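The values are calculated or read from the model by the stated rules, or taken from the named source; none is laboratory data. On a predicted model such as this, the values are computed, not experimentally measured, just so you know. Ideal geometry is used to build each Cβ from the backbone, glycine not excepted, and the neighbour counts take in all protein chains shown.
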Amino acid sequence: MNAPAVYPLTLFYDAGCPVCALEMDHLRERDRSGRLVFVDIAAPGFDPAPYGVSLADMNAEIHGLCADGRLTRGVAVLRLAYDAVGLGWVLRPTGWPWARPLFDRAYRVFARHRQLISRVAAPLIHGLRQARARQTAKRMRACRDGACRMPQG
C-alpha cells in the first residue's frame, strides 16, 4: 500500500508575525530539496476559501496542504516541515502518543499569544535576523569566478 503523498507541502503562515516569519525563514533556508511551498496568509488577496477553512482558522494555527490534498494543522504541520528539511528528529517527541496532547495544547497557547510573544521577543528576533543576514552575506562574498557555492551550515 502506498503512503499518502506529503511533499511538496504548502505551509500557510502569517508573515506579519515576527516569530512565524523567523521560523519560516529558517525552514526556507534549509529547504534545499524544494519540498516546501510558503504561502503568506497576510498577503493582500489571499483567499482561504479554496482550502475549506476561514482566515480566522488559519490565523489560529499554522496549516499545511499535503501533495495529496490533505489539509493538516498545528504541530503536525511543523513535524512534516521539519522532516522535509532533515530536522525531523527535533520535533519527533511532539508526535509520541503520550506527549502529543501536551505539545498540541502548548502550541495552541503559543499560537493564541504569538503576536504578544513576537512583540516581547522583537529585539531577539531582530538580532537573529541580522545575524542570519550577515552569515548569508559572508557566504555570498565567498563567490569566485562567477560561481557561488553556499556552504552548508
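Residues considered: G88, G45. Of these, the only one that is modelled with pLDDT under 95, surrounded by fewer than 16 Cβ atoms within 10 Å (Cβ to Cβ) and either touching a helix residue (DSSP H, G or I) at 6+ places or on another chain (Cβ under 6 Å) or of a type in the set (V, I, T) (or both) is G88. Among the residues of the stretch 1-41, just one is among the aromatic types (F, W, Y) and more than 10 Å from the chain's Cα centre (by Cα), namely Y7.
Considering only the stretch 88-97, I want to know if a residue exists there that is within 14 Å of the chain's Cα centre (by Cα) and in contact (Cβ under 8 Å) with a residue 12 or more places away in the chain. Full working, then the answer.
First, pick out the residues of the stretch 88-97 that are within 14 Å of the chain's Cα centre (by Cα): 88, 90-91.
Next cut, in contact (Cβ under 8 Å) with a residue 12 or more places away in the chain only: 91.
Among the residues of the stretch 88-97, at least one is within 14 Å of the chain's Cα centre (by Cα) and in contact (Cβ under 8 Å) with a residue 12 or more places away in the chain, which makes the answer yes.
Scan the stretch 20-47 for residues that are within 17 Å of Q130 (Cα to Cα), hydrophobic (A, V, I, L, M, F, W, C) and in contact (Cβ under 8 Å) with a residue 12 or more places away in the chain and jot them down. Correct list: C20, L22, M24, L27.
If we scan the stretch 78-95, do we find a residue that is of a type in the set (F, W, Y) and either in contact with a Phe, Trp or Tyr (Cβ under 7 Å, 6 or more places away or on another chain) or under 19 Å from E23 (Cβ atoms) (or both)? Yes, the stretch 78-95 has at least one match. Would it be correct to say that L128 is under 25 Å from V6 (Cα atoms) and among the hydrophobic types (A, V, I, L, M, F, W, C)? Here the answer is no, as L128 does not meet what is asked.
The single residue among P101, P123, P97 that is exposed (fewer than 10 other Cβ atoms within 10 Å of the Cβ) and either at pLDDT below 90 or among the charged types (D, E, K, R) (or both) turns out to be P123.
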